[in-house]
Amino acid sequence: MDTALAAAAPASEILIRCSRFCPHCLHERGAWLLGWQLRWSFACDAHRVLLLRRCPACAAVPVTALRERWPRDHDGSLSDPTRCAHRSSRGLCRGWLEYAATSTVSDLTLAAQHRINLLLDGAGPNPTLAGVGLDPPSYLRDLSKLCNLAHRCTPISPRQRCPSWSGHRVRDHPADLARVLPTALALADLPDPDTLADALRELADDRYHNGGVTLVFIESGPMSEPLKAAFRRAITQAIWVSASRQLGLHPGAHHRPVDLDPRLGPQHVPQLFWAQDYHREIAELLDIEDSTDCHGRRFCSVLLARMLSQMDWDAAARYLDLPDPFTNDAYKLTFAKLRSTDRYIELASRVKQIANRHARRGLIDYKQRRAGSNEPPFEARPHIRN
């Protein structure tokens, strides 16, 4: 392992008291390799097989701790490193590790192991995740999280489940790591954070479709900012989340929609949404009980302002200098009615399309215009029919 990487790597990356092994290497060399004690080691390059982690005779994990003397039982000392030294009540196992059955790996899996080996050896350029350069320790931490995600989103048959599935860690099992690492590397190789977020969302949606299980973002341990942002965006846009989270309006997960013109800001939102566009494209969606055109246009303006900046309903209404009668629960009632009729996402999509068209035609700072106007504030008018 590269010296700098070894210094930065946490102890959890190394198997301290046990080791994986390649039976063919044991047969040829008669010795254990240090590289087998790395959690990222799962395949043997030389023999194109998966590393094993248990003795074929007793199913114990081989112990590699330093010893003052060879283990012994009633049959004498065991100095052969190719035999299992696990001790039970009947003595040492003495199973032949070098003759254990092995499984071959594909070219794709072997290429993934080779790529990790180069990184651990400090060879080649620094890795990138979604187009962002990272130091090797940070990259490996992110890659581990992507492996865990790919593992959780991959359907597992009952026969593949290990006995302690609830505490299952992917990198403790060479076969599992071999299955998910190519997927994790492909995710890391995506060109930008937006593409990575979309790919993570697709994985999360597939998991929900296949098993009805939602994926929760939990910041467990260090994670790079690009991966953290991609995870947050993916989860907030998954199919099972609320409309507020999908649009980035939730207080704990606000994000500006990527399909809004980057030149747009909340100051470019009028008090009353653009009339012609509203009547031509939006009015039909707001044809709900007790709503008026005035209320509908205000609602669209507040919605657009919330998408552009992290504000709640009241703060957005005040930012647009709307009259006090509008700053009440009326817009929340409209929001609930739109969600109940599955119109909210479509409404937001049309609002964004209209705002983008106005941005291309030329931006107007309505906030500054209102501040410089000598006219009295917008007259309070009823917006809900009695």
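The values are calculated or read from the model by the stated rules, or taken from the named source; none is laboratory data. Note that the coordinates shown come from a computational prediction; the quantities given were computed from them, not determined experimentally. Methodologically, a virtual Cβ is constructed for each residue, glycine included, from the backbone with ideal geometry; neighbour enumeration extends over all protein chains shown.
What to note about this one:
- Any hit, region 171-189, residues being farther than 18 Å from residue 51 by Cβ, part of a strand (DSSP E or B) and modelled with pLDDT of 90 or more: no
- Residues satisfying the stated conditions in region 349-363, i.e. within 34 Å of the chain's Cα centre (by Cα), hydrophobic (A, V, I, L, M, F, W, C) and farther than 15 Å from residue 303 by Cβ: 359
- Failed condition for residue 35, given (1) modelled with pLDDT under 90; (2) farther than 25 Å from residue 181 by Cβ: (2)
- Residue count for region 105-120, restricted to those that are in contact (Cβ under 8 Å) with a residue 12 or more places away in the chain and part of a loop (DSSP other than H, G, I, E, B): 1.
- When region 69-104 is limited to residues that are basic (Lys, Arg) and in a loop (DSSP other than H, G, I, E, B), the one that is surrounded by the most Cβ atoms within 10 Å (Cβ to Cβ) turns out to be 94.
- Filtered residue count, region 251-277, keeping only those that are part of a helix (DSSP H, G or I) and in contact (Cβ under 8 Å) with a residue 60 or more places away in the chain: 4
- Restricting 123, 57 to residues that are within 30 Å of the chain's Cα centre (by Cα), outside any helix (DSSP H, G or I) and aliphatic (A, V, I, L, M) narrows the list to 123.
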